[in-house]
Amino acid sequence: MLTFLGHVDHGKSTLMGRLLCDMKVVDQRSLDKLRKEAETIGKSSFALAWVMDQTAEERSRGVTVDIATSNFETETTRFTILDAPGHRDFIPNMIAGASQADFAVLVIDASINSFESGLKGQTKEHALLVRSMGVQRLVVAVNKMDTISWDQRRFEEISQQMTTFLTTASFQSKSITFIPLAGLTGENVVKKVSNPKASWYTGESLIEALDSSNIAKRNLAGPLRMTINDVFRGGITNPVSISGRIDTGTVQVGDVILCQPAGESAAVKAIEVESEPVDWAVAGQIPTLHLADIDPVHLRSGDIVCDTKNPVKLINSFSCKILAFDHVLPMSVEVFRGRLQAEGKIKRLVATLNKTTGETIKAKPRIVKPGEVARVLVDLSAELPLEPGTRIVLREGGNTVAAGLLEA
Ligand code: GTP
Ligand code: MG
């Protein structure tokens, strides 16, 4: 599972649409149809983006609102790709997407001024968010190279500035790859670039970089934890179904599962993975589970499905290690765990910590400054199913204040 991130309009949806067309997941006929429709409302440049942006609102506004997923396969790997919105109003949806990702593609518009405005906008915020949610591997797609005539100096300047920023944000430089490309023309996405102006570039194409990305080993042995993305009801053979990503463990037809925070159990009647019926599903997959013996009012997007013998406990306070994006004080915050969210309060600043060693720098600080790492105690107004290792994000008044890992 990988997610595409970056500032609004930098070309994420277009790049993904291009990837799916060139990998033959979307055929030429469907693309031609999208092109026609896009032309009718004067948005012809968005035809490829429409492969991912499927709602009327997204298409008329030309922005992604909610996350969308799709699949494709190379010779070695099966990928699920997730398109996240770049617009700052939709950061909660971006967080829901990023919290499921094994690695990320950060899309940057290389054209004049766009890279710079992205830096002030969501380019940095998205990179910080995925990193603090545990993503270590980053492919940086330096996009729209066609608009700057494949200027090598510009590519190198962007790569250098981003490397400086990303390494201070605790990405390791060996885990970052920069690829110059153009999603709109498809150059260096799946096909190599043949433009003579780009002859200076002899490195990997995007698809090669994705293929050579080492995805962290998945935890199959742990207890079942699956985050619900969607709840479907009203089917004739399957009146209640849920889909979502299995974070750890496995699930089999016949299992009894527990849904949290509702605390209700259900029986797994059938399982599908990518519309094919299967007997079981494992960590990393995104199955649909058809359920029996549960009322769908107990199931919501963001809830957690777990093992009845080893359930996720509900808690109303926790300690977490955060990376501050803004000034952090004892204050009210919204706590996000994927799509799950609750009102909360930062009760106490325990200590600021050394970024790499985790040692205490200062106990009981009055304030945590942007860029600092700290341990804080958080109280919740309602109980949430959270356990150590969970990635959480703290927001306040529409801004991300901090993100990090729950400790206890
Ligand atoms: P949000 O989802 O709203 O954050 O935007 P996005 O990052 O998904 O951008 P989108 O794919 O919707 O593209 C925005 C605009 O940039 C569209 O008009 C695209 O045609 C244009 N665009 C995308 N990629 C390229 C490219 O490689 N070259 C050029 N010239 N334009 C591009
Ligand atoms: Mg988009």
### Message
Yes or no: the stretch 261-284 includes at least one residue that is among the polar types (S, T, N, Q), in contact with an Asp or Glu (Cβ under 8 Å, 6 or more places away or on another chain) and surrounded by 16 or more Cβ atoms within 10 Å (Cβ to Cβ).
### Response
no
### Residue, modelled with the lowest pLDDT, within the stretch 231-260, restricted to residues that are touching a Ser or Thr at 6+ places or on another chain (Cβ under 8 Å) and over 18 Å from Gly338 (Cβ atoms)
Gly235
### Task
Only residues that are buried (at least 21 other Cβ atoms within 10 Å of the Cβ) and away from ligand 2 (no atom under 16 Å from the Cβ): list them for the stretch 138-147, please.
Leu138, Val139, Val140, Val142, Met145
### Query
Which one of these does Ser194 not meet: (1) in a loop (DSSP other than H, G, I, E, B); (2) open to solvent by less than 60 Å² (accessible area, probe 1.4 Å); (3) of a type in the set (Gly, Ala, Ser)?
(2)
### Selection count, the stretch 1-42, where residues are more than 16 Å from ligand 2 (Cβ to nearest atom) and either part of a helix (DSSP H, G or I) or charged (D, E, K, R) (or both)
14
### Task
Considering only residues that are in contact with a strand residue (DSSP E or B) (Cβ under 9 Å, 6 or more places away or on another chain) and open to solvent by 20 Å² or more (accessible area, probe 1.4 Å), look in the stretch 89-99 and name the one that is modelled with the highest pLDDT.
Pro92
### Task
Determine whether Glu359 is acidic (Asp, Glu) and more than 22 Å from Leu166 (Cβ to Cβ).
yes
### Task
Working only within the stretch 41-65, note down all residues that are touching a residue at least 12 places away in the same chain (Cβ under 8 Å), within 12 Å of ligand 1 (Cβ to nearest atom) and open to solvent by 60 Å² or more (accessible area, probe 1.4 Å).
Ser45
### Task
List every residue pair whose Cβ atoms sit under 9 Å apart, with the two residues 6 or more apart in sequence or on different chains, where the first one lies in the stretch 167-181 and is touching a residue at least 12 places away in the same chain (Cβ under 8 Å) and closer than 24 Å to Ser199 by Cβ and the second, anywhere, is part of a loop (DSSP other than H, G, I, E, B) and of a type in the set (Phe, Trp, Tyr).
Ile179/Tyr201; Pro180/Trp150; Pro180/Tyr201
### strands (runs of 3 or more DSSP E) wholly inside the stretch 219-334 that include at least 2 residues being of a type in the set (Ser, Thr, Tyr)
240-248, 314-324
### Task
Kindly indicate whether any position in the stretch 105-125 is within 22 Å of Ile228 (Cβ to Cβ) and of a type in the set (Asp, Glu).
no
### Task
Please go through the stretch 338-380 and pick out each residue that is assigned to a loop (DSSP other than H, G, I, E, B), of a type outside the set (Ser, Thr, Tyr) and farther than 27 Å from Arg300 by Cβ.
Asn354, Lys355, Gly358, Glu359, Lys364, Pro365, Arg366, Ile367, Lys369, Pro370, Gly371, Glu372
### Residues satisfying the stated conditions in the stretch 204-257, i.e. aliphatic (A, V, I, L, M), closer than 13 Å to Cys306 by Cα and loosely packed, with under 14 Cβ neighbours inside 10 Å
Val256
### Query
Looking at the stretch 160-174, which of its residues are small (Gly, Ala, Ser) and open to solvent by less than 20 Å² (accessible area, probe 1.4 Å)?
Ala169
#### Entry: Hits in the stretch 7-23 (condition: more than 6 Å from ligand 1 (Cβ to nearest atom) and among the small types (Gly, Ala, Ser))
Gly17
#### Entry: Pairs, first within 16 Å of ligand 2 (Cβ to nearest atom) in the stretch 103-121, second among the hydroxyl-bearing types (Ser, Thr, Tyr) and assigned to a strand (DSSP E or B), C-beta under 9 Å, six or more apart
Ala104/Thr3; Val105/Thr3
### Message
I'd like the full set of residues that are assigned to a helix (DSSP H, G or I) and either away from ligand 2 (no atom under 12 Å from the Cβ) or of a type in the set (A, V, I, L, M, F, W, C) (or both), limited to the stretch 54-99.
### Response
Ala56, Glu57, Ser60, Arg88, Asp89, Phe90, Ile91, Pro92, Met94, Ile95, Ala96, Ala98
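The values are calculated or read from the model by the stated rules, or taken from the named source; none is laboratory data. Just so it is clear, the model here is predicted, and its values are computed rather than measured. Virtual Cβ from ideal backbone geometry, glycine too; neighbours counted across all protein chains shown. Side chains are part of the model used for accessible areas, which takes the heavy atoms of the whole protein and leaves out ligands, DNA and RNA. Shrake-Rupley method; radii C 1.70, N 1.55, O 1.52, S 1.80 Å.
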